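Below: one structure, written as structure tokens.
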Amino acid sequence: MDQPTEQIQSELENFREQWRAEVSARSRNAAGSQQQPQQQQKSASIQAGPSSTSNKPPKRNEFSHRKTTSKTVHLEDEDEYYQAQHFDEPEPSKTIAAQKIGRQDASSSKVEDQEPQTALEFYEKAVEKETSGKLGDSLSLYRKAFRMDDNVDQSYRNKHFPGRWSKPAQVNPSNAPVTVPNTAHHSLEGPSLSLPELITSFSSLRIEGAPPECEGVPPPPCPISELPDEILLHILRDVAVADVGDFVRLAQVCKRLAYLVTTEDRIWRRVCLGSEIGFGAMHYHWQRGIQWEPLDAAQELEDNADVFTLEELAQRRQEESRATTNMLLRSLYANSWLTMFRRRPRIRFNGCYISTVNYIRAGQASVHQVAWNSPVHIVTYYRYLRLFRDGTAISLLTTDEPAHVVHHLTKANLALHQGGAGPHLPSAVMSSALKGRWRLSSAADNPDAGLADMEGDLYVETEGVGPKYMYRMELTFRSAGKAAARNNNKLAWKGFWSYNKLTDDWAEFALRHSKPFFFSRVKSYGVGE
């Protein structure tokens, strides 16, 4: 071995020693800081005892919604890295037709057909396949990614979830040699502001126009900066009512708009109380029958003896809902309409809820061949649930992928394919769809619960396998994805029953393979029906 090679090897060995010493010092500091919280968690877990739940079948007219003492264990590690699906593309049939007549862009098709090259690209492709339910394809892609880089999962989390995965850096550890200069302890800008303090600092700013394109040229006009605050707030309110997502994205334009979006409580009050996307569109009583027929007026008035007309009953329920909203605003949401809109359970109408179920079933080896192992089958199916503003719902169980189903999940297609009609059409999957209705839980369902627990459940009743059966699903709202996004985009199972109308019997389905529903926005729905 020549002299330059030996010198390089010695330098590499010195670098490895320094790196090992620094990593070991950081791990010791991290272990010392986490030792005390872990001991507290262990003592708390020892004090907590097991809880028992009662599993009694529900009654037909008076369904039991009593809260049990046990709490569901949620896998936060799975939910905090969840990425919601968005179906912004046109229907698959339209895309295929556009490709046949040559309207598809050549550059975009090349990007889609490009094979992954790096380990991170293989891992991203595997996550995409797993999200769509193709578990077999995702497993092979995961294997390829980990063969190329055994730490590819950390690279993926650092890229897509940097705030959740990265740990705060240790500033100048005491036992570690300083190999890289650390400037975190001598910053000249002073302490950083918290988010509320940062937003408050924008209160005195104004909307500024774009700077001139070059020196000596007047800047381009900015009419919105000349508007009074009263007119500007009126425009922002109309934007929020039309699409609250577009309204929130205005905070990225400038600091003045960021201040108005986050602090203007009058706009968020209008959004919360409105019937477009707010709690004015939520139903806490049944609005339709299971077959979408109108409710029996005599039965409704019989349950409310002091009301004589359906109009008076609707007015009373609206007043009760408004009073409940005001009470929750003061007690749970600190008089903040923005906090209420983000955290209070509500239904979203601009998309559908999808449950992807994967499980493994043992197969049978061939009798004509000698095999060492028995084959297994990966079974994948989907549950779709779309809820409408009038209190109706559509439920669908199928093996078709979401991209081929969500655009056909409409009332018109359900009526078109009723009875198995039109099997040659792309929307033929709707022949298996079921009609239903939905409502949210209220204080009447949980009379003994506190303010924080009296809401948060969703009840869905649909058609059964035959005319004499009816299905009932009980779900509860959860949040998945980033911890800051309290948008109730997850529906976890609490129970699933079948009711026999002839014998008045309830039968409970086992939820062994059932998975929670996740909300996916569908652009073709618009703001929802």
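The values are calculated or read from the model by the stated rules, or taken from the named source; none is laboratory data. Values in this document were obtained by computation on a predicted structure and should not be read as measured data. Cβ placement follows ideal geometry from the backbone for every residue including glycine, while neighbour counts extend to all protein chains displayed. We work out accessible area using only protein heavy atoms, side chains counted, and drop any ligands, DNA or RNA first. Shrake-Rupley method; radii C 1.70, N 1.55, O 1.52, S 1.80 Å.
Some observations on this one:
- Test: residue in the range 306-313 that is open to solvent by less than 40 Å² (accessible area, probe 1.4 Å) and either more than 19 Å from residue 390 (Cα to Cα) or in contact (Cβ under 8 Å) with a residue 24 or more places away in the chain (or both): yes
- Count of the range 241-268 residues which are free of Cβ contacts under 8 Å to residues at least 12 places away in the same chain, touching a helix residue (DSSP H, G or I) at 6+ places or on another chain (Cβ under 8 Å) and open to solvent by 60 Å² or more (accessible area, probe 1.4 Å): 2
- Hits in the range 322-360 (condition: assigned to a loop (DSSP other than H, G, I, E, B) and not β-branched (Val, Ile, Thr)): 332, 333, 334, 335, 336, 344, 345, 346, 348, 349, 350
- Among residues of the range 113-129 that are of a type in the set (Val, Ile, Thr), those with a beta-carbon under 8 Å from a residue that is in a helix (DSSP H, G or I) at least six positions away or on a different chain give the pairs 118/148; 127/138; 127/156.
- Residues that are closer than 29 Å to residue 277 by Cα and free of Cβ contacts under 8 Å to residues at least 12 places away in the same chain, drawn from the range 201-240: 227, 228, 229, 230, 231, 234, 235, 238, 239
- Residue identified as at pLDDT below 90 and among the basic types (Lys, Arg) among 322, 316, 288: 316
- With respect to being more than 20 Å from residue 340 (Cα to Cα), open to solvent by less than 60 Å² (accessible area, probe 1.4 Å) and part of a helix (DSSP H, G or I), residue 203 falls outside the description.
- Which listed residue, of 302, 319, 230, 213, is part of a loop (DSSP other than H, G, I, E, B), open to solvent by 50 Å² or more (accessible area, probe 1.4 Å) and on the phi < 0 side of the Ramachandran plot: 213
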